[in-house]
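The values are calculated or read from the model by the stated rules, or taken from the named source; none is laboratory data. In this text the structure is predicted, and so the values were computed from the model without any measurement. No Cβ is skipped: glycine too gets one built from the backbone with ideal geometry, and neighbour counts run over all protein chains shown. When the accessible area is computed, the model is the full protein with side chains, heavy atoms only, and any ligands, DNA or RNA have been set aside. Shrake-Rupley method; radii C 1.70, N 1.55, O 1.52, S 1.80 Å.
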Amino acid sequence: MGSASKFFPLILILTTFLFTSLSLSIPFILLHGIADECSSAKSKFFTEFLSNSSGSTGYCIEVGNGQWDSWFIPLEEQSRIVCDKVKQMKELSGGYNIVGLSQGNLIARGLVEFCDDAPPVKNYVSLAGPHAGTASVPLCGSGVFCIIADGLIKSDVYTDYVQDHLAPSGYLKLPMEIPKYLEKCKFLPKLNNELPDQKNSSYKHRLSSLQKLVLIMFEDEEVVIPKETSWFGYYPDGAFNPVIPPQQTKLYTEDWIGLKTLDDTGKVEYVAVRGGHLNISTQDMQKHVVPYLV
Ligand SMILES: *[C@@H]1O[C@H](CO)[C@@H](O)[C@H](O)[C@H]1NC(C)=O
Ligand SMILES: *[C@@H]1O[C@H](CO)[C@@H](O)[C@H](O)[C@H]1NC(C)=O
Ligand SMILES: *[C@@H]1O[C@H](CO)[C@@H](O)[C@H](O)[C@H]1NC(C)=O
(Lines give C-alpha, C1' and ligand atoms only; values in the text may rest on other atoms or scores of the structure.)
(Ligands and ions follow the chains in the order given, each with its own letter.)
Protein backbone atom coordinates (compact mmCIF):
# COMPACT_ATOMS: atom_id res chain seq x y z
CA MET A 1 0.00 0.00 0.00
CA GLY A 2 2.71 2.43 1.05
CA SER A 3 4.89 1.72 -1.97
CA ALA A 4 1.92 1.77 -4.36
CA SER A 5 0.90 5.23 -3.25
CA LYS A 6 4.47 6.38 -3.73
CA PHE A 7 4.17 5.52 -7.40
CA PHE A 8 0.71 6.94 -7.81
CA PRO A 9 1.78 10.44 -8.92
CA LEU A 10 4.16 8.92 -11.42
CA ILE A 11 1.42 6.69 -12.85
CA LEU A 12 -0.86 9.69 -13.09
CA ILE A 13 1.73 11.67 -15.01
CA LEU A 14 2.41 8.78 -17.34
CA THR A 15 -1.28 8.18 -18.02
CA THR A 16 -1.89 11.86 -18.67
CA PHE A 17 1.07 11.96 -21.01
CA LEU A 18 -0.15 8.88 -22.85
CA PHE A 19 -3.68 10.19 -23.27
CA THR A 20 -2.47 13.59 -24.37
CA SER A 21 -0.13 12.20 -26.96
CA LEU A 22 -2.75 9.73 -28.17
CA SER A 23 -5.46 12.34 -28.53
CA LEU A 24 -3.08 14.67 -30.33
CA SER A 25 -2.10 12.00 -32.75
CA ILE A 26 -5.20 11.92 -34.98
CA PRO A 27 -4.80 14.54 -37.67
CA PHE A 28 -7.54 15.69 -40.01
CA ILE A 29 -7.66 16.68 -43.62
CA LEU A 30 -9.78 19.45 -45.09
CA LEU A 31 -11.28 19.11 -48.57
CA HIS A 32 -12.48 22.44 -49.93
CA GLY A 33 -15.35 23.13 -52.28
CA ILE A 34 -15.66 24.17 -55.91
CA ALA A 35 -14.03 27.42 -57.03
CA ASP A 36 -11.93 27.38 -53.90
CA GLU A 37 -8.34 26.43 -53.09
CA CYS A 38 -6.18 25.69 -50.06
CA SER A 39 -4.55 29.12 -50.16
CA SER A 40 -7.87 30.98 -49.93
CA ALA A 41 -8.81 32.86 -46.76
CA LYS A 42 -11.77 30.53 -46.31
CA SER A 43 -9.81 27.27 -46.50
CA LYS A 44 -7.11 28.71 -44.27
CA PHE A 45 -9.67 29.85 -41.74
CA PHE A 46 -11.36 26.45 -41.52
CA THR A 47 -8.06 24.57 -41.29
CA GLU A 48 -6.51 26.92 -38.72
CA PHE A 49 -9.59 27.42 -36.62
CA LEU A 50 -10.27 23.71 -36.37
CA SER A 51 -6.60 22.90 -35.68
CA ASN A 52 -6.44 25.56 -32.98
CA SER A 53 -9.68 24.47 -31.36
CA SER A 54 -9.12 20.73 -31.45
CA GLY A 55 -5.38 20.57 -30.86
CA SER A 56 -5.11 18.22 -33.85
CA THR A 57 -3.05 19.02 -36.89
CA GLY A 58 -5.08 19.82 -39.98
CA TYR A 59 -3.94 19.53 -43.59
CA CYS A 60 -5.78 21.11 -46.50
CA ILE A 61 -5.33 18.72 -49.41
CA GLU A 62 -5.18 20.36 -52.82
CA VAL A 63 -6.23 18.87 -56.13
CA GLY A 64 -3.98 20.11 -58.90
CA ASN A 65 -3.84 23.88 -59.04
CA GLY A 66 -6.90 24.53 -56.89
CA GLN A 67 -9.76 26.60 -58.25
CA TRP A 68 -9.55 25.73 -61.91
CA ASP A 69 -9.12 22.01 -61.35
CA SER A 70 -11.95 21.94 -58.82
CA TRP A 71 -14.20 22.87 -61.75
CA PHE A 72 -12.72 20.91 -64.60
CA ILE A 73 -11.25 17.63 -63.36
CA PRO A 74 -13.94 14.95 -63.08
CA LEU A 75 -14.61 13.99 -59.46
CA GLU A 76 -13.52 10.39 -59.72
CA GLU A 77 -10.11 11.58 -60.84
CA GLN A 78 -10.07 14.24 -58.11
CA SER A 79 -10.68 11.50 -55.53
CA ARG A 80 -7.91 9.42 -57.07
CA ILE A 81 -5.49 12.33 -56.78
CA VAL A 82 -6.41 12.87 -53.13
CA CYS A 83 -6.19 9.12 -52.50
CA ASP A 84 -2.60 9.08 -53.79
CA LYS A 85 -1.67 12.13 -51.74
CA VAL A 86 -3.14 10.72 -48.54
CA LYS A 87 -1.29 7.44 -49.00
CA GLN A 88 1.99 9.32 -49.36
CA MET A 89 1.56 11.35 -46.18
CA LYS A 90 3.32 9.62 -43.30
CA GLU A 91 1.42 11.89 -40.89
CA LEU A 92 -1.82 10.16 -41.85
CA SER A 93 -0.61 6.58 -41.82
CA GLY A 94 -2.15 5.83 -38.42
CA GLY A 95 -5.60 6.96 -39.54
CA TYR A 96 -7.21 10.37 -39.82
CA ASN A 97 -10.43 12.36 -39.73
CA ILE A 98 -12.00 14.27 -42.62
CA VAL A 99 -13.72 17.64 -42.81
CA GLY A 100 -15.45 18.17 -46.14
CA LEU A 101 -16.81 21.45 -47.48
CA SER A 102 -19.52 21.38 -50.14
CA GLN A 103 -18.26 19.60 -53.30
CA GLY A 104 -15.22 18.47 -51.27
CA ASN A 105 -17.58 15.99 -49.62
CA LEU A 106 -17.91 14.03 -52.81
CA ILE A 107 -14.13 13.77 -53.01
CA ALA A 108 -14.20 12.76 -49.35
CA ARG A 109 -16.63 9.96 -50.00
CA GLY A 110 -14.70 8.90 -53.09
CA LEU A 111 -11.67 8.72 -50.82
CA VAL A 112 -13.49 6.63 -48.22
CA GLU A 113 -15.20 4.32 -50.71
CA PHE A 114 -12.80 3.95 -53.66
CA CYS A 115 -9.30 4.36 -52.24
CA ASP A 116 -7.58 0.95 -51.94
CA ASP A 117 -4.94 0.24 -49.26
CA ALA A 118 -5.37 3.61 -47.60
CA PRO A 119 -5.10 4.38 -43.88
CA PRO A 120 -8.45 4.25 -42.06
CA VAL A 121 -10.77 7.23 -41.92
CA LYS A 122 -12.13 7.57 -38.39
CA ASN A 123 -14.58 10.45 -38.16
CA TYR A 124 -15.97 12.28 -41.14
CA VAL A 125 -17.67 15.66 -40.74
CA SER A 126 -19.53 16.87 -43.79
CA LEU A 127 -20.59 20.51 -44.19
CA ALA A 128 -23.11 21.24 -46.95
CA GLY A 129 -22.31 18.12 -48.96
CA PRO A 130 -24.46 17.45 -52.04
CA HIS A 131 -24.55 13.76 -51.09
CA ALA A 132 -27.73 12.86 -52.93
CA GLY A 133 -26.97 15.19 -55.83
CA THR A 134 -27.97 18.74 -56.58
CA ALA A 135 -30.73 19.93 -58.86
CA SER A 136 -29.00 23.16 -59.82
CA VAL A 137 -25.61 24.28 -61.04
CA PRO A 138 -23.49 25.76 -58.24
CA LEU A 139 -24.32 29.44 -58.09
CA CYS A 140 -21.56 31.61 -59.30
CA GLY A 141 -20.90 35.10 -60.48
CA SER A 142 -19.41 36.29 -63.72
CA GLY A 143 -15.92 34.81 -63.38
CA VAL A 144 -14.34 33.10 -66.36
CA PHE A 145 -14.85 29.64 -64.83
CA CYS A 146 -18.54 30.25 -64.43
CA ILE A 147 -18.98 31.38 -67.99
CA ILE A 148 -17.24 28.30 -69.35
CA ALA A 149 -19.08 26.03 -66.93
CA ASP A 150 -22.47 27.53 -67.68
CA GLY A 151 -21.86 27.14 -71.40
CA LEU A 152 -20.99 23.48 -70.99
CA ILE A 153 -23.99 22.76 -68.79
CA LYS A 154 -26.44 24.46 -71.11
CA SER A 155 -25.18 22.29 -73.92
CA ASP A 156 -26.43 19.14 -72.10
CA VAL A 157 -24.99 17.83 -68.91
CA TYR A 158 -25.51 14.12 -69.56
CA THR A 159 -23.07 13.76 -72.43
CA ASP A 160 -19.67 12.08 -72.25
CA TYR A 161 -17.98 15.36 -73.14
CA VAL A 162 -19.47 17.36 -70.28
CA GLN A 163 -19.12 14.45 -67.86
CA ASP A 164 -15.42 14.23 -68.68
CA HIS A 165 -14.72 17.94 -68.41
CA LEU A 166 -16.88 19.47 -65.71
CA ALA A 167 -16.75 18.30 -62.10
CA PRO A 168 -20.27 19.34 -61.00
CA SER A 169 -21.83 17.40 -63.86
CA GLY A 170 -20.84 14.31 -61.86
CA TYR A 171 -23.45 15.09 -59.21
CA LEU A 172 -26.04 17.14 -61.05
CA LYS A 173 -29.17 15.03 -60.62
CA LEU A 174 -32.05 16.54 -62.53
CA PRO A 175 -35.28 15.03 -61.16
CA MET A 176 -36.95 15.20 -64.59
CA GLU A 177 -34.11 13.34 -66.28
CA ILE A 178 -33.44 10.39 -64.01
CA PRO A 179 -33.11 7.72 -66.72
CA LYS A 180 -30.50 9.84 -68.51
CA TYR A 181 -28.76 10.59 -65.23
CA LEU A 182 -28.50 6.91 -64.37
CA GLU A 183 -27.25 6.04 -67.82
CA LYS A 184 -24.75 8.85 -68.39
CA CYS A 185 -23.74 10.48 -65.13
CA LYS A 186 -20.32 9.06 -64.33
CA PHE A 187 -19.78 9.81 -60.68
CA LEU A 188 -22.69 9.99 -58.24
CA PRO A 189 -24.56 6.85 -59.40
CA LYS A 190 -21.37 4.91 -58.77
CA LEU A 191 -20.54 6.63 -55.47
CA ASN A 192 -24.06 5.99 -54.16
CA ASN A 193 -24.28 2.41 -55.49
CA GLU A 194 -27.39 3.50 -57.40
CA LEU A 195 -27.05 1.21 -60.39
CA PRO A 196 -28.78 -2.12 -59.70
CA ASP A 197 -26.34 -4.20 -61.75
CA GLN A 198 -23.17 -2.40 -60.69
CA LYS A 199 -23.29 -2.29 -56.92
CA ASN A 200 -19.95 -2.78 -55.20
CA SER A 201 -20.15 -4.01 -51.62
CA SER A 202 -16.68 -2.64 -50.83
CA TYR A 203 -18.09 0.89 -50.92
CA LYS A 204 -20.71 -0.04 -48.36
CA HIS A 205 -18.26 -1.92 -46.21
CA ARG A 206 -15.83 1.01 -46.19
CA LEU A 207 -18.33 3.76 -45.49
CA SER A 208 -19.95 1.75 -42.71
CA SER A 209 -16.52 1.32 -41.07
CA LEU A 210 -16.51 5.00 -40.04
CA GLN A 211 -16.62 5.68 -36.33
CA LYS A 212 -18.79 8.74 -36.82
CA LEU A 213 -20.47 10.43 -39.77
CA VAL A 214 -21.61 13.98 -39.06
CA LEU A 215 -23.90 15.49 -41.69
CA ILE A 216 -24.31 19.25 -41.36
CA MET A 217 -27.08 20.98 -43.27
CA PHE A 218 -27.52 24.76 -43.52
CA GLU A 219 -31.05 26.07 -42.91
CA ASP A 220 -30.66 28.91 -45.43
CA GLU A 221 -28.75 26.87 -47.99
CA GLU A 222 -28.91 28.38 -51.47
CA VAL A 223 -26.20 26.50 -53.36
CA VAL A 224 -26.89 22.78 -53.00
CA ILE A 225 -30.51 22.11 -53.88
CA PRO A 226 -32.48 20.84 -51.99
CA LYS A 227 -30.67 21.60 -48.75
CA GLU A 228 -31.68 18.15 -47.41
CA THR A 229 -29.18 16.59 -49.84
CA SER A 230 -26.62 17.37 -47.12
CA TRP A 231 -28.44 14.68 -45.09
CA PHE A 232 -28.92 12.36 -48.10
CA GLY A 233 -32.52 13.54 -48.57
CA TYR A 234 -33.66 14.33 -52.13
CA TYR A 235 -36.50 14.93 -54.57
CA PRO A 236 -38.48 11.94 -55.79
CA ASP A 237 -37.69 10.74 -59.32
CA GLY A 238 -39.68 12.83 -61.79
CA ALA A 239 -40.82 15.59 -59.41
CA PHE A 240 -39.61 18.55 -57.37
CA ASN A 241 -41.67 17.79 -54.30
CA PRO A 242 -41.97 16.67 -51.64
CA VAL A 243 -38.37 16.27 -50.54
CA ILE A 244 -37.92 12.69 -49.31
CA PRO A 245 -36.28 12.55 -45.88
CA PRO A 246 -33.03 10.57 -45.79
CA GLN A 247 -34.50 7.59 -43.94
CA GLN A 248 -37.17 7.11 -46.61
CA THR A 249 -34.89 7.03 -49.62
CA LYS A 250 -34.01 3.72 -51.27
CA LEU A 251 -30.33 4.45 -50.70
CA TYR A 252 -31.18 4.25 -47.01
CA THR A 253 -33.88 1.57 -46.80
CA GLU A 254 -31.97 -0.79 -49.09
CA ASP A 255 -28.70 0.34 -47.47
CA TRP A 256 -26.78 0.80 -50.71
CA ILE A 257 -23.75 2.44 -49.07
CA GLY A 258 -24.07 1.55 -45.39
CA LEU A 259 -25.81 4.73 -44.22
CA LYS A 260 -28.52 2.70 -42.49
CA THR A 261 -25.96 0.37 -40.92
CA LEU A 262 -24.14 3.38 -39.50
CA ASP A 263 -27.38 5.00 -38.36
CA ASP A 264 -28.63 1.81 -36.68
CA THR A 265 -25.52 1.79 -34.52
CA GLY A 266 -25.87 5.46 -33.57
CA LYS A 267 -22.95 6.61 -35.68
CA VAL A 268 -24.69 9.25 -37.78
CA GLU A 269 -25.38 12.77 -36.54
CA TYR A 270 -27.88 14.81 -38.56
CA VAL A 271 -27.19 18.43 -37.69
CA ALA A 272 -28.99 21.55 -38.89
CA VAL A 273 -27.30 24.90 -38.37
CA ARG A 274 -28.45 28.44 -39.11
CA GLY A 275 -26.91 30.28 -42.00
CA GLY A 276 -26.38 30.11 -45.74
CA HIS A 277 -24.00 27.77 -47.60
CA LEU A 278 -20.95 27.07 -45.39
CA ASN A 279 -21.60 30.19 -43.32
CA ILE A 280 -21.24 28.33 -40.03
CA SER A 281 -20.70 30.28 -36.82
CA THR A 282 -17.65 29.58 -34.69
CA GLN A 283 -20.00 28.50 -31.88
CA ASP A 284 -21.58 25.88 -34.14
CA MET A 285 -18.13 24.70 -35.24
CA GLN A 286 -17.14 24.29 -31.60
CA LYS A 287 -20.30 22.33 -30.97
CA HIS A 288 -20.66 20.20 -34.09
CA VAL A 289 -17.22 19.86 -35.68
CA VAL A 290 -14.45 20.25 -33.10
CA PRO A 291 -15.57 17.37 -30.80
CA TYR A 292 -15.02 14.87 -33.64
CA LEU A 293 -11.46 16.05 -34.26
CA VAL A 294 -10.24 15.90 -30.68
C1 LIG B 1 -4.73 29.89 -34.62
O2 LIG B 1 -3.73 30.07 -33.63
C3 LIG B 1 -2.64 30.88 -34.07
C4 LIG B 1 -1.57 30.82 -33.01
O5 LIG B 1 -2.11 31.11 -31.74
C6 LIG B 1 -3.15 32.27 -34.36
O7 LIG B 1 -2.08 33.09 -34.83
C8 LIG B 1 -4.23 32.20 -35.42
O9 LIG B 1 -4.79 33.49 -35.64
C10 LIG B 1 -5.32 31.24 -35.02
N11 LIG B 1 -6.21 31.10 -36.16
C12 LIG B 1 -7.55 31.01 -36.07
C13 LIG B 1 -8.31 30.98 -37.34
O14 LIG B 1 -8.13 30.94 -35.02
C1 LIG C 1 -15.17 -2.83 -55.98
O2 LIG C 1 -14.39 -1.76 -55.49
C3 LIG C 1 -13.13 -2.13 -55.01
C4 LIG C 1 -12.52 -0.91 -54.36
O5 LIG C 1 -12.31 0.13 -55.27
C6 LIG C 1 -12.30 -2.71 -56.14
O7 LIG C 1 -11.04 -3.11 -55.66
C8 LIG C 1 -13.05 -3.90 -56.75
O9 LIG C 1 -12.35 -4.37 -57.87
C10 LIG C 1 -14.46 -3.49 -57.14
N11 LIG C 1 -15.20 -4.67 -57.56
C12 LIG C 1 -15.88 -4.73 -58.70
C13 LIG C 1 -16.63 -5.98 -58.94
O14 LIG C 1 -15.90 -3.81 -59.49
C1 LIG D 1 -22.98 34.82 -42.43
O2 LIG D 1 -23.71 34.85 -41.22
C3 LIG D 1 -23.57 36.05 -40.47
C4 LIG D 1 -24.23 35.85 -39.12
O5 LIG D 1 -25.49 35.25 -39.24
C6 LIG D 1 -24.17 37.20 -41.28
O7 LIG D 1 -24.05 38.40 -40.55
C8 LIG D 1 -23.40 37.29 -42.60
O9 LIG D 1 -23.97 38.28 -43.41
C10 LIG D 1 -23.42 35.95 -43.34
N11 LIG D 1 -22.51 36.03 -44.47
C12 LIG D 1 -22.88 35.73 -45.70
C13 LIG D 1 -21.82 35.83 -46.76
O14 LIG D 1 -24.01 35.38 -45.98
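Couple of notes before you dig in:
This table checks each residue for (1) in contact (Cβ under 8 Å) with a residue 12 or more places away in the chain; (2) crowded, with 24+ Cβ neighbours inside 10 Å; (3) farther than 15 Å from residue 64 by Cα.
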| position | (1), (2), (3) |
| --- | --- |
| 83 | yes, no, no |
| 93 | yes, no, yes |
| 98 | yes, yes, yes |
| 105 | yes, yes, yes |
| 108 | yes, yes, yes |
| 111 | yes, yes, yes |
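- Residue 71 fulfils the conditions (1) in a helix (DSSP H, G or I); (2) at pLDDT 95 or above except for a single criterion, (2).
- Close pairs from the range 224-241: first touching a residue at least 12 places away in the same chain (Cβ under 8 Å) and of a type in the set (Asp, Glu), partner in a loop (DSSP other than H, G, I, E, B) and open to solvent by 10 Å² or more (accessible area, probe 1.4 Å), Cβ under 6 Å, at least 6 apart: 228/243
- The set of residues in the range 173-194 being within 21 Å of the chain's Cα centre (by Cα) and within 26 Å of residue 116 (Cα to Cα) consists of 185, 186, 187, 188, 189, 190, 191, 192, 193, 194.
- Some residue of the range 234-251 being away from ligand 3 (no atom under 16 Å from the Cβ), closer than 21 Å to residue 111 by Cα and either hydroxyl-bearing (Ser, Thr, Tyr) or open to solvent by 70 Å² or more (accessible area, probe 1.4 Å) (or both): no
- Listed by first and then second residue, the pairs with beta-carbon distance under 8 Å, at least 6 apart or on different chains, first residue in the range 29-57 and within 16 Å of ligand 3 (Cβ to nearest atom), second open to solvent by 30 Å² or more (accessible area, probe 1.4 Å) and part of a helix (DSSP H, G or I), are 35/67; 35/145; 36/42; 36/67; 49/282.
- Restricting 49, 72, 28, 45 to those that are away from ligand 2 (no atom under 16 Å from the Cβ), touching a His at 6+ places or on another chain (Cβ under 7 Å) and not aliphatic (A, V, I, L, M) reduces the list to 72.
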